[in-house]
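Structure first, then comments.
Just so it is clear, none of the values below were taken in a lab; they were calculated from the coordinates. Note that the structure is a prediction, hence the values are computed from the model and not measured. Quick reminder, even Gly has a Cβ in these numbers, built from the backbone with ideal geometry, and neighbours come from all protein chains shown.
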């Protein structure tokens, strides 16, 4: 049975989720159905547990379906914590919990973060670009934030980053 | 009675408070608003908004007549088919700029249209000074023949002294 996705204005999407303390079979079964829900959505590359009404700090990100994007494959992120942010970039975001709307959001270009996997082992990752964007979007869900909370005007544009190179002597 | 969708266009000299006055009158008249786009162009106020209203074009115009007149706004109402929830997703963003001269938009958009661009959103400004105006244009759209086709079209336009940048939009859905 597939899980229903909560849709804004469902107030529950604004709840802050609590940390996972027990890494058991029940958790792993939930992660399986959470991943199914992510893959059922059109073009979904990430999902967070509160989007299906479970208010625990669990998310999945998998941008491997997108060609040319640097990625770690399918990442199970439990109690994720972003520890470093670097640079900024504007990009377009949508959300399975906010149908028929996409908007521009500024995110860090690169993030360093830690997360536990489904067996309770902690990992450290560095992500950039599209994957980093997905991570930040999902971690926001765990804090009761939607991309709607971070929208910038659709007329806003960030100038393309120029690469300044040091002159060689 | 069925509610119909109308496209309401208002144009006039800009001043503070127009949106509040107009939307208040619409609300009092039982209308519901859909999507809207307001821009100050030059010194003019311009807005196009989707309005859901129970009556006819005429009754919607009558509803706003007094308010529009007192604000000095010219009003136009069209009945429109379809309603909300028909967004198309842009997959490309373009910025074009250069010394202002007649024909930039025609030239660039013709080249892009031939390369498959479907424009969903366009906004342009003239900046710089009166002596040396510069033209800046932002476009979002769909590259129906792929982004590479648009890039090739832009490369040709760029040889004529127009600066243009194209960025693919890859929407992240999470």
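Between helix B:104-114 and chain B there is an angle of about 80 degrees, using the helix long axis and the longest principal axis of the Cα atoms. Just to be sure I understand: with springs between alpha-carbon atoms less than 10 Å apart, which residue in A:108, A:49, A:132 has the highest mean-square fluctuation in the Gaussian network model of chain A? Looking only at A:108, A:49, A:132, the largest GNM fluctuation is found for A:108. For the pair residue A:119 and residue B:158, a Förster radius of 56 Å applied to the C-beta separation gives a FRET efficiency near 0.55, rounded to the nearest 0.05.
Taking the Kirkwood radius as the inverse of the mean 1/r across Cα pairs, report the Rg/Rh of chain A. Working shown, then result.
On the way: Rg = 16.5 Å, Rh = 16.6 Å.
My calculation puts Rg/Rh at 0.99.
Ordered by the number of other Cβ atoms lying within 10 Å of each residue's own Cβ, fewest first, B:77, B:11 fall into the sequence B:11, B:77.
On alpha-carbon atoms, Rg over Rh for the range B:34-166 using Kirkwood Rh?
Numbers: Rg = 18.7 Å, Rh = 17.5 Å.
Dividing the radius of gyration by the Kirkwood radius yields 1.07.
Per residue of A:88-95, count partner chain C-beta atoms within 10 Å of its C-beta, then hand back the mean as an integer. Taking all residues of A:88-95 together, the mean is 4. If you average 1/r across every pair of different Cα atoms in the protein assembly as shown and take the reciprocal, what Kirkwood value do you get, in Å? Final number for the Kirkwood radius of the protein assembly as shown is 23.3 Å. Angle of helix A:25-40 to the longest C-alpha principal axis of chain A, folded into 0 to 90 degrees and rounded to 10: 60°. Residue by residue along A:97-103, Cβ atoms of other protein chains within 10 Å of the local Cβ number 3 on average. With the cut-off at under 14 Å, measuring from each backbone N in the range B:144-174 to a point 7 Å along the Cα-to-Cβ line of residue B:99 picks out B:160-163.
Remark: C-alpha extents of the range B:76-138 on the principal axes read 45, 33, 16 Å, sorted largest to smallest. In this label model, residue B:35 and residue A:152 are separated by 2.2 nm, measuring between points 7 Å along each Cα→Cβ vector.
Could you compute the FRET efficiency for residue B:84 and residue A:6, with r as their C-beta to C-beta distance and R0 at 22 Å, rounded to 0.05? The formula returns an efficiency of 0.60 here. By the Cα gyration tensor, the range B:4-79 has an equivalent ellipsoid whose semi-axes, rounded to whole angstrom, run 19, 13, 11 from largest to smallest.
Of interest is the spacing of the C-alpha centroids, which for the range B:143-166 and the range A:17-42 amounts to 44 Å. Of the peptides B:25-33, A:75-83, A:56-64, the ranking by mean beta-carbon count within 10 Å, highest at the top, reads A:56-64, A:75-83, B:25-33. Remark: mean inter-chain Cβ contacts per residue of B:161-172 equal 5, using a 10 Å Cβ-Cβ cutoff to other protein chain atoms.
To the nearest 0.05, how large is the calculated FRET efficiency for residue B:28 and residue B:113 if R₀ is 45 Å and r is the Cβ-Cβ distance? Don't skip to the end; give the middle numbers.
Working: r = 43 Å, r/R0 = 0.95.
That pair, residue B:28 with residue B:113, gives E of 0.60.
The stretch between residue B:9 and residue B:62 holds 17.7 nm of extra length on full extension. This uses 0.36 nm per residue minus the Cα-Cα distance.
The alpha carbons of the range A:25-75 occupy a box of 34, 21, 15 Å along the principal axes, longest dimension given first.
Tell me, rounded to the nearest percent, the portion of alpha carbon pairs in the range A:63-149 spaced more than 23 Å apart. Mind dumping the intermediate values first?
Working: 728 of 3741 pairs.
Every Cα pair in the range A:63-149 considered, those over 23 Å come to 19 percent.
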